[in-house]
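Contents: one structure, followed by commentary.
The values are calculated or read from the model by the stated rules, or taken from the named source; none is laboratory data. This one's a predicted model, so the numbers in the text were calculated from it and none came from an experiment. Positions of Cβ are backbone-derived with ideal geometry, glycine not excepted, and every protein chain shown enters the neighbour counts.
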Amino acid sequence: MTTDTASESAGDKIRCDACPVMCYIKPGAAGACDRYANQDGVLVRVDPHILLERTVSHGGRLVPFQASGDWDGKIVQQPDLFVTAIGAGTTYPDYKPAPFIVSSEVDGVDMVTVVTEGIFSYCGVKVKIDTDRFLGPETATVRVDGEAVGHVTTSEYGSQMLSLGGVHHLTGGSKKEGRVTCDALMDLSNRKPVELVIDGGATVVVQAGAPPIVNGVKEERMRVGCGSATIGMFAKQWQGKVDEVVVVDDHITGVLSEHQAGKLLDIPATGIKMKGRRSTPGRYFQVAQPGTGWGGTDISDPLAILGPFDPKTARPGTTILMVSTTGEHAGYYVLDEALRPVEQDMPPDLKFSVERIQENCEPALCTVLFMAGAGGSLRAGVTDNPVRLTRSVKDALTRVTSGGAPVYVWPGGGITFMVDVTQMPAGAFGYVPTPAIVAPIEFTLRLSDYAALGGHMDYVQPLGSLKDVSKDIRQLPWPVRSAG
Ligand code: SF4
């Protein structure tokens with residue numbers, strides 16, 4: 001599409017001023033970010049400007065950019081059309097009004113949507129990887145191509161969290177570190193696979209919405225719960241079929257006969273002795289080291305976490321099921337005359353219970369949330385009194401979206417938001433070589449509220465006039481989940 005971004009000539013070259021890099025671009029060539037180009041002496045935004053249409057005809061699924069064909073200019077009169085910032089362009093410096101400030105009537109109310117492709121030096125991604133396997137110690141550095149791009153943070157229930165990017169890696173290290181971090185953030189946000197290597201841990205291929213690949217092995221299942229929760233869930237199904245069950249888990253290993261669930265079901269003591277630290281009855285911490293074996297521990301033989309059975313209580317012939325929190329690993333044992341567990345074929349009804357654990361595990365996925373602070377100078381493109389925009393967002397008068405997708409705005413100062421990249425049209429993110437990530441952001445509010453907060457009213461244009469200024473518009477169906 002053509003752009004009103006200011007440009008000046010230097011011979012045949014034109015100067016793009018859409019970001020601080022200020023490229024001189026030769027005819028027929030693109031600038032350093034590949035977002036702007038010199039087309040016959042005119043500065044153009046290379047990608048199409050994306051509009052989203054509320055529809056149910058595509059079952060809520062997005063179609064690719066190219067599949068929708070060129071926009072015929074008719075549809076912009078429809079009230080269910082949303083102007084995203086994808087392909088809208090950027091204005092720089094920030095006091096210039098945002099590229100598009102579009103008015104429309106929704107349910108009889110005059111609304112305005114301010115759209116811009118924000119340039120974010122303060123941004124990153126939060127990654128949730130559904131796996132029990134040990135990916136690396138907390139705070140360990142995460143690398144791409146040998147460069148530090150982030151770190152391992154807390155484990156959540158069945159998932160390992162990573163915090164990647166941020167201004168420290170984008171601007172605070174070497175030039176290469178900034179470039180590699182920027183590329184990794186853009187690829188992850190655009191739902192491409194990225195190989196991450198964790199110091200002292202695993203190599204993981206992460207792709208938003210796809211299963212993680214840990215050390216070359218695709219993760220299939222997310223745990224049904226911790227070891228204790230698994231005992232709680234399935235205790236009744238094991239009653240009468242086996243004397244003892246141990247659910248092996250790196251965090252909380254559960255033991256049926258000692259657990260409250262076993263007590264309530266009158267399951268007798270078996271004389272079992274666990275290694276590790278007993279937390280509460282039937283719940284043990286640190287039975288082994290973290291790893292990629294049974295239940296996220298480093299063990300391949302589950303008997304390694306058992307001490308000798310207590311001869312005062314244990315009886316030969318006692319049956320024991322040992323199983324991991326995903327049901328991926330399981331073994332059946334019977335105590336011999338010397339009270340040693342001996343592995344035997346698992347009875348069918350216990351096999352069924354292991355399959356039930358597997359059935360209750362959800363598919364393991366990677367989740368990528370893009371996180372950025374829009375509370376800085378970007379606000380000046382919306383209003384000449386930036387703090388009023390922040391207040392308006394906090395007062396829920398202004399709705400923030402990113403490529404049409406709903407965002408979570410953090411409480412507290414600024415407009416710091418997170419968005420699930422799988423809710424956005426593919427390819428919504430770009431970069432500039434400062435380095436920084438370019439991400440779409442839209443602010444939607446009542447026209448009257450916009451005027452009250454000092455909005456750039458002279459630049460408001462009706463939705464129907466977009467076709468006159470945006471020559472390359474693509475219309476996509478709006479994902480059902482993000483339509484609210
Ligand atoms: S990097 Fe891109 S946006 Fe920045 S000046 Fe160059 S062409 Fe324009």
Some residue of segment 409-428 being over 16 Å from the mean Cα position of the chain (by Cα), more than 16 Å from the ligand (Cβ to nearest atom) and crowded, with 22+ Cβ neighbours inside 10 Å: yes
Positions within segment 147-177 being touching a residue at least 60 places away in the same chain (Cβ under 8 Å) and within 20 Å of residue 290 (Cβ to Cβ), in sequence order: 155, 157, 158, 159
In segment 425-471, the residues that are in a helix (DSSP H, G or I), farther than 26 Å from residue 390 by Cβ, touching a residue at least 60 places away in the same chain (Cβ under 8 Å) and not aliphatic (A, V, I, L, M): 464, 467
Among (1) in contact (Cβ under 8 Å) with a residue 24 or more places away in the chain; (2) of a type in the set (D, E, K, R); (3) part of a strand (DSSP E or B), the one test that residue 343 misses: (1)
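How do the strands (runs of 3 or more DSSP E) wholly within segment 77-147 filter down when requiring 1 or more residues that are within 16 Å of the ligand (Cβ to nearest atom): which remain?
109-120
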Condition check for residue 147: modelled with pLDDT of 95 or more, surrounded by fewer than 24 Cβ atoms within 10 Å (Cβ to Cβ) and of a type in the set (Asp, Glu): yes
Exclusive hit being among the charged types (D, E, K, R) and more than 18 Å from the chain's Cα centre (by Cα), set 195, 147, 156: 147
Hits in segment 228-250 - residues which are in contact with a strand residue (DSSP E or B) (Cβ under 7 Å, 6 or more places away or on another chain) and part of a loop (DSSP other than H, G, I, E, B): 242, 243, 250
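Keeping to segment 314-339, report how many residues are acidic (Asp, Glu) and closer than 17 Å to residue 254 by Cα. Give the steps one after another, and end with the answer.
The initial filter retains those residues of segment 314-339 that are acidic (Asp, Glu), namely 328, 336-337.
Keeping just the survivors that are closer than 17 Å to residue 254 by Cα gives 328.
Final tally of qualifying residues: 1.
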Pairs with Cβ under 6 Å, 6+ apart, first in segment 22-34 and free of Cβ contacts under 8 Å to residues at least 40 places away in the same chain, second more than 9 Å from the ligand (Cβ to nearest atom) and assigned to a loop (DSSP other than H, G, I, E, B): 27/12
Number of positions in segment 251-281 that are in a strand (DSSP E or B) and within 19 Å of residue 328 (Cα to Cα): 3
Qualifying residue in segment 362-379 (condition: at pLDDT 95 or above and of a type in the set (Val, Ile, Thr)): yes
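Name every residue in segment 159-174 that is under 14 Å from the mean Cα position of the chain (by Cα) and on the phi < 0 side of the Ramachandran plot, in order of residue number.
So in segment 159-174, the residues under 14 Å from the mean Cα position of the chain (by Cα) come out as 159-165.
159, 160, 161, 162, 163, 164 - these are the residues of segment 159-174 that are under 14 Å from the mean Cα position of the chain (by Cα) and on the phi < 0 side of the Ramachandran plot.
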Residue among 40, 12, 4 that is at pLDDT below 55 and more than 9 Å from the ligand (Cβ to nearest atom): 4
Yes/no for residue 284 being outside the structural domain of residue 130 (by TED's automatic domain parsing), outside any loop (DSSP other than H, G, I, E, B), touching a Leu at 6+ places or on another chain (Cβ under 9 Å) and of a type in the set (Phe, Trp, Tyr): no
Residues (without any contact (Cβ under 8 Å) to a residue 40 or more places away in the chain, of a type in the set (Gly, Ala, Ser) and in a loop (DSSP other than H, G, I, E, B)) located in segment 289-311: 293, 300, 307
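I need a count of the residues in segment 401-439 that are among the aliphatic types (A, V, I, L, M) and out of contact with any Ser or Thr (no Cβ under 8 Å at 6 or more places or on another chain). Let's see the steps before the verdict.
Looking only at segment 401-439, we keep the residues that are among the aliphatic types (A, V, I, L, M), and these are 405, 407, 409, 415, 418-419, 421, 424, 426, 428, 432, 436-439.
Now restrict to residues that are out of contact with any Ser or Thr (no Cβ under 8 Å at 6 or more places or on another chain): 418, 426, 432.
Qualifying residue count for the region: 3.
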